[in-house]
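The next block holds one structure in the form of structure tokens; read it before the comments.
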Amino acid sequence: MARGFSKVILCGNLTRDPEMRATPSGAQVCGFGLAVNRVYRDASGANREDVSFFDCSAWGRSGETIAQYAKKGTGMLVSGRLEQRSWDDKKTGEKRSRVEVIVEEFNFLGGGNSEGGSYTGGASSSRNNSPAEGVDAEPEVVPDDIPADDGEVKLDDIPF
């Protein structure tokens, strides 16, 4: 029998502030909604917009990070798996079910301002070259055979 595979990648905006909760066993989980917009042309050539809404859950440290840095309107790219849950509705007695995205990886989207932004999680692509207060800075060592970086890229220097 073939193994199943479930993978989803979504890019959208949070529909509400993330909500942290704990399971009875103490595991942390963050729930949030994600709205994904799609723009397309209809048969008459007019632009149309369609919005789909997805419920997402992020567990553990990922959930804590999302709850700490995201809010309603924050742009996010999430990837994960689909999971279906079923339960009996105590009010109506009906069997209910829902499909949600279990977040495995995520990235914040935006320009890094208060309207949303990017969280690097400690590893930063830009380096702060100023030493911390009270710490002696080590001089940068540049070998003699490496030319100084003048910021200009020459087409002849590209190997392909």
(request) May I ask you to compute the full-extension gain from GLN68 to GLN84, defined as 0.36 nm times their residue separation minus their alpha-carbon distance, rounded to one decimal in nm? (result) 3.1 nm
(message) Counting only other residues whose beta carbon sits under 15 Å from that of GLN68, what net charge do I get with K and R as +1, D and E as -1?
(response) +1
(request) Work out, in µm²/s and without decimals, the Stokes-Einstein translational diffusion coefficient of the stretch 6-55 at 25 °C, 0.890 mPa s, Rh from Kirkwood over C-alpha pairs. (result) 182 µm²/s
(request) Obtain the nm distance between the two label points defined at ARG61 and LYS7 by a simple spin-label model: each point lies 7 Å from its Cα along the Cα-to-C-beta direction. (result) 2.3 nm
(request) Kindly provide the Kirkwood hydrodynamic radius of the stretch 1-116 in Å, to one decimal, from all pairs of distinct alpha carbon atoms. (result) 15.9 Å
(message) Rounded to the nearest angstrom and ordered from largest down, what semi-axes does the equivalent ellipsoid of the stretch 37-96 get from its C-alpha gyration tensor (root of 5λ)?
(response) 30, 24, 11
(message) Given points 7 Å out from each Cα along the Cα-Cβ axis, report the ASP42 to GLU105 separation in nanometres with one decimal.
(response) 3.8 nm
(request) Would you work out which of SER44, VAL101, TYR69 lies farthest towards the positive end of the dipole of the stretch 1-116? Charges go on Cβ: Lys and Arg +1, Asp and Glu -1. (result) VAL101
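Computed from the coordinates by the stated procedures, all read-outs in this text should not be read as laboratory data. Keep in mind it's a predicted model, so treat the numbers as computed, not measured. Please note: Cβ atoms are built from the backbone with ideal geometry, for glycine as well, and neighbour counts cover all protein chains shown.
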